[in-house]
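First up is the structure itself, then whatever we jot down about it.
The values are calculated or read from the model by the stated rules, or taken from the named source; none is laboratory data. Note that the structure is predicted; figures quoted are calculated from it, not measured. All Cβ positions, glycine included, derive from the backbone under ideal geometry; neighbour counts span all protein chains shown. Accessible surface areas use protein heavy atoms only, side chains included; no ligands, DNA or RNA. Shrake-Rupley method; radii C 1.70, N 1.55, O 1.52, S 1.80 Å.
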Amino acid sequence: MISLQDVHLTLPSSAGPVHILRGIGLDVAPGRAAGLVGPSGSGKSTLLMVLAGLEKPTSGSIRVAERELTTMNEDELALFRRDNVGIVFQSFHLVPTMTALENVAIPLEFAGRADAFDVAAEELKAVGLAHRLDHYPGQLSGGEQQRVALARAVAPDPAILLADEPTGNLDGTTGEAIIDLMFDLHSRRDTTLVLITHDMQLAEMCDDVVHLRDGQVETTRAGVRAGGVADAAVLEGQA
């Protein structure tokens, strides 16, 4: 479902070129959950942006859902995201002037779905917010806002779900509930999940655990879902 080969991303700065991604090689099979971990500045969020087609690499190949992203223009990438990718951010990114129902309906309306609001209502019901359809983001708790964001991400039934620190702005109990819900949706819909987290225990819930450091894949190994254990032997990944 996801295949990166020798992906580099270098950005200019007043102090000289900044090498953010340095030869990333990574494969994620369909239906798998991959947890990306690493210290701050290791390139995790940038890698997620590249996978979503929101950032163009300097060089290398990025194939997602059998499409080569590096050859697409901005309009083609926007259509690709609409049809294939759902994204959950740490900061929710809900439209404050729209109700929960309207926020979830946005990607469905962009796709031309006549049943956008009916589907949005069902998705909100699936994340336990059937009673919050007409509430605005400012009237919802952080956990409720992230549930709306999750419902919006999965409403178009994407092949790939990308999550960037989805529990970073939530307390422990609320965060656990969001993660349980996200993995449940991932499993039931057979969606390929890529999850960025600083929480090693959370990463271990995935099928595969990928460690990034200095813009490179340092190691990969099996997570608990794939039959591994928290102290499983580390396998050398691509660098």
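General observations
- Some residue of segment 54-62 being open to solvent by 80 Å² or more (accessible area, probe 1.4 Å) and assigned to a strand (DSSP E or B): no
- Leu170 fulfils the conditions (1) closer than 16 Å to Gly38 by Cα; (2) outside any helix (DSSP H, G or I) except for a single criterion, (1).
- Residue within segment 112-130 that is under 23 Å from His186 (Cα atoms), of a type outside the set (Val, Ile, Thr) and in a strand (DSSP E or B) present: no
- Test: residue in segment 22-32 that is assigned to a helix (DSSP H, G or I), touching a helix residue (DSSP H, G or I) at 6+ places or on another chain (Cβ under 9 Å), open to solvent by 10 Å² or more (accessible area, probe 1.4 Å) and at pLDDT below 95: no
- For segment 200-214, the set of residues classified as open to solvent by less than 20 Å² (accessible area, probe 1.4 Å), out of contact with any helix residue (DSSP H, G or I) (no Cβ under 8 Å at 6 or more places or on another chain) and either at positive phi or in a strand (DSSP E or B) (or both) consists of Val210 only.
- Residue in segment 120-128 that is basic (Lys, Arg) and either surrounded by 20 or more Cβ atoms within 10 Å (Cβ to Cβ) or within 28 Å of Thr174 (Cα to Cα) (or both) present: yes
- Candidates His131, His93: the one that is open to solvent by 70 Å² or more (accessible area, probe 1.4 Å), over 30 Å from Ile20 (Cβ atoms) and of a type outside the set (Gly, Ala, Ser) is His131.
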